[in-house]
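Rule-based calculations on the coordinates, nothing more; no lab input. The structure presented is a predicted model; accordingly, all values stated were derived computationally and were not measured. Using ideal geometry, Cβ is built from the backbone for each residue, glycine included, and neighbour counts are taken over all protein chains shown.
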Amino acid sequence: MPLWPVYTGTEEPHDGIDRLPPPPPWRAFDGGPALDPPDEEADTAAVSPDRTHRAATYRATPQTVQLVNAALYLRRPLLVTGPPGTGKSSLVYAVARELRLGPVLRWNITSRSTLNDGLYQYDPLSRLYAARRTAGQPAERYDRAPGGARTAGDPPGDGSGVEDHLRLGPLGTSLLPYARPRALLIDEIDKSDLDLPNDLLNVLEEGQYEIPELARTARHHPGGKAEVMIDGTGERVPVEHGRVRCRAFPFVVLTSNGEREFPPAFLRRCVTLRLRRPDDRQLAGIVRAHLGEPDAYAQGLIERFLARSGAGDLATDQLLNAIYLAHATGLGAESLDDLAEQLMPYLGQTPQADAF
């Protein structure tokens, strides 16, 4: 039987994702051959302790649980907006942990990011040099066509093939035909160039993309299949005829601090979650999850944090830092108050700009 909610917001990991009902007919994908999901502990050493801790201690609101499940059922990206420090990027780690989706793929967006940065990176110069070393001949004898198309004379597996100098990025990896959805964080999409959201539309709508450099050389590979490396892992996966198509649409979270508006066509294809500043009950729960039951001094800091939050941006991290130091330092109340003032300035202002 189908399960609602698949994501519950609890701390206990489970395999409920396997009971997700079939997608809507307009969101069904048939990529293959199916790939086994990665070991959820595969890159434990590469994951920061901060992310591991936040995944285990994240506290989802009822609205968050509802909209995460809507995105999972509809196979749509989840656009998460809200003030800094409200847990936008932590959400995807919590969902991946509970649903056993494996290591989170992360794409940090800057003003220079392009669609290809997320899909794959290809280095034609390194291929040219590899071909020269292998053949012991001048590099000029090898194909210089756009994209570095391979010539019929290039023997496969000699280091001169396109696939040896191409790496799939986080977005490109998430769209591989995994039997289970991968989790992908596209962080701070509002910092991107104006064109990037529109460029993402077709890829996220179709759940597929083409690698032209591989498509042009497919005839030189048995069955048109090339083994391509996933960036950062060293793992190689098969790509047939230069085309990647997903099987289980990934759980995609795009975060935004609200620094820009997005095109209506982009918004129409996303489930939108607007996170608000946590109230006193939610803050107490967050403190409890991270640092244990708040004592009288911590409760006072929570109240003062809330009283100030209406006048400017404050992040929950600032409150947690102040409470931790209150527990760890053994300072007197006056010194603690002064330290809290320095740790919790309004974001974008210097600590001296406002009084606690």
Out of residues 5 or more away from VAL80 or on other chains, whose amide H comes under 5 Å of its own, with H placed 1.01 Å from N in the peptide plane?
LEU254, THR255, SER256, LEU273
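Based on the mean of other Cβ atoms within 10 Å per residue, sort peptides 21-29, 190-198, 313-321 so the most packed one is first. Working shown, then result.
On the way: 21-29: 11.6, 190-198: 16.2, 313-321: 18.9.
In descending order of packing, they fall as 313-321, 190-198, 21-29.
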Pop out the ³J(HN,Hα) list for the range 305-316 in order, Karplus 6.51 cos²θ - 1.76 cosθ + 1.60 with θ = phi - 60°, rounded to Hz; leave Gly and Pro as x.
4, 5, 5, 8, 5, x, 9, x, 7, 10, 10, 4
By the gyration tensor of its Cα atoms, with a ≥ b ≥ c the square roots of the eigenvalues, what is the shape of the range 1-101: rounded for a/c under 1.5, prolate for a/b over b/c, or oblate?
oblate
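Taking the Cβ-Cβ separation of LEU201 and ALA34 as r and a Förster radius of 35 Å, what is the calculated FRET efficiency to the nearest 0.05?
Working: r = 26 Å, r/R0 = 0.75.
My answer for the efficiency is 0.85.
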Prolate/oblate/rounded label for the range 280-353 (Cα gyration tensor, a/c 1.5):
oblate
With r defined as the distance between the Cβ atoms of ASN108 and ASP193 and R0 fixed at 22 Å, what FRET efficiency is calculated, to the nearest 0.05?
0.95
SER48 versus HIS327: modelled label distance in nm, points set 7 Å from Cα along the beta carbon direction
2.1
Among 208-219, 232-243, what's the highest-first ranking by average C-beta atoms within 10 angstrom per residue?
208-219, 232-243
As an exercise, use a Förster radius of 41 Å and the Cβ-Cβ distance of GLU12 and HIS241 to find the FRET efficiency, rounded to the nearest 0.05.
0.45
